1. I need every pair where a residue in the stretch 300-321 that is closer than 30 Å to Ala19 by Cβ has its Cβ under 7 Å from the Cβ of a residue that is among the β-branched types (Val, Ile, Thr), sequence separation at least 6 or different chains.
2. If you scan the stretch 130-149, which residues turn out to be closer than 21 Å to Thr301 by Cα and either hydrophobic (A, V, I, L, M, F, W, C) or open to solvent by 40 Å² or more (accessible area, probe 1.4 Å) (or both)?
3. Quickly run through the stretch 207-244 and pick out the residues that are touching a Gly at 6+ places or on another chain (Cβ under 6 Å) and under 22 Å from Ile295 (Cα atoms).
4. Just to be sure I understand the filter: pairs with C-beta atoms under 6 Å, separated by 6 or more residues or on different chains, first member in the stretch 325-349 and without any contact (Cβ under 8 Å) to a residue 40 or more places away in the chain, second member open to solvent by less than 80 Å² (accessible area, probe 1.4 Å). Which pairs pass?
5. Which of the helices (runs of 4 or more DSSP H) found entirely inside the stretch 170-260 contain at least 2 residues meeting this: crowded, with 18+ Cβ neighbours inside 10 Å?
6. Looking only at the stretch 150-160, how many residues end up being touching a Phe, Trp or Tyr at 6+ places or on another chain (Cβ under 7 Å) and surrounded by fewer than 24 Cβ atoms within 10 Å (Cβ to Cβ)?
7. Does Met1 satisfy the criteria of being more than 14 Å from ligand 1 (Cβ to nearest atom) and in contact with a Leu (Cβ under 6 Å, 6 or more places away or on another chain)?
8. What pairs come up if the first residue lies in the stretch 26-48 and is touching a residue at least 40 places away in the same chain (Cβ under 8 Å), the second is crowded, with 18+ Cβ neighbours inside 10 Å and among the basic types (Lys, Arg), and their beta carbons are under 6 Å apart, counting only those six or more places apart or on different chains?
Amino acid sequence: MNTEKVKAYAAQSATAALAPHGIVRREPGPTDVKIEIRYCGVCHSDLHFARNEWGFTQYPAVPGHEIIGRVTAVGPGVKKFKVGELVGVGCLVDSCGTCPDCHAGFEQFCTGMVMTYGSEDKRLGGGTLGGYSQSIVVTENFVLRIPANLNPAAAAPLLCAGITTYSPLRHWKVGPGQKVGIVGLGGLGHMAVKFARAFGAHAVLFTTSPGKASDALRLGAHEVVVSKDEKQMAAQAGSFDFILDAVSAQHDINAYLNLLKRDGNLTLVGAPEKPLAVAAFPLIFRRRSFSGSLIGGLPETQEMLDFCGRHNITCDIEMIRMDQINEAYERMLKSDVKYRFVIDMASLK
Ligand SMILES: [Zn+2]
Ligand SMILES: [Zn+2]
């Protein structure tokens, strides 16, 4: 197989800082699209992966799954994309294509799904390598179209933070007349606020920091509740149709279950390290449910991008150079970012 060497940033071990590293990409096969990467968002998963906090990292590790770039070459069988188009790649670069999940457009649940980084690269060997690099080659079915009116840098985090929040809000049919809670105002939460508002729901942001209130209102929340304030929480009891919980730290989930109406649902998209203690009574009374959600499949991700194009929705970002990534990780750990770092990949040259 023909390959090309390209520049990237990689971690060489769980304790090493990310640093320049040459990687190999395949030349485009018949159905492949080659993309010169312009911007790559920085997701908390990137940090977990680089530091082997999930235990499956192979080194060298190249994170990055919020990729925006231009098509620079296409294989002879590619039908959907042309050289020069602005495209995106999210958390997935392939799947089995034949299982019920793939047929239903839920590639994220396919047991044969190939993640953009950290999966086995069946063609080149080793692990798949992500977007902290000059270019990437992806089969066309996993490449997404980016609406031309969106700022491409601010659109990058839509590929993970955007779809992670859009998908559960859609699945639970959030819309006009409904009251929706969003727990946590970070990379995920700030997108959930924008989507809940755009879907026509009454959006309430829960935060532990009263200082975030003005920002939440600016982003589109109708109300802000300080979750440490028991009086404020009690005033919201039994009033929510849906709550999206985007907090990765330990917290009391029952306090939120009690805020749901009959048949209300609370969906987790944050992933606390340790199991959460869930009390039975808040679920049994009022038939509430508690569930999770993982990114979205390819059809829904394209639907989300098109929705963002029509409603002019992007992420609030802070642009960094590639060589600022280690500093950005430290700031991300302190939640010191509004609300997503995006790497200007031109800085890697
Ligand atoms: Zn992510
Ligand atoms: Zn499949």
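The values are calculated or read from the model by the stated rules, or taken from the named source; none is laboratory data. Note that this is a predicted model, so its numbers are computed, not measured. Virtual Cβ from ideal backbone geometry, glycine too; neighbours counted across all protein chains shown. Accessible surface is based on the protein model in full, side chains and every heavy atom, while ligands, DNA and RNA are left aside. Shrake-Rupley method; radii C 1.70, N 1.55, O 1.52, S 1.80 Å.
1. These pairs meet every condition: Ile317/Val342; Glu318/Val337; Met319/Val342; Ile320/Ile343.
2. Ile136, Val137, Val138, Asn141, Phe142, Val143, Leu144, Arg145, Ile146, Ala148, Asn149
3. Within the stretch 207-244, Asp241, Ile243 qualify.
4. Filtered contacts from the stretch 325-349: Arg331/Val337; Ser347/Met322.
5. 187-198, 213-219, 253-257
6. 2
7. Values: more than 14 Å from ligand 1 (Cβ to nearest atom): yes; in contact with a Leu (Cβ under 6 Å, 6 or more places away or on another chain): no.
So Met1 does not fit the description; no.
8. Pro28/Lys34; Gly41/Arg340
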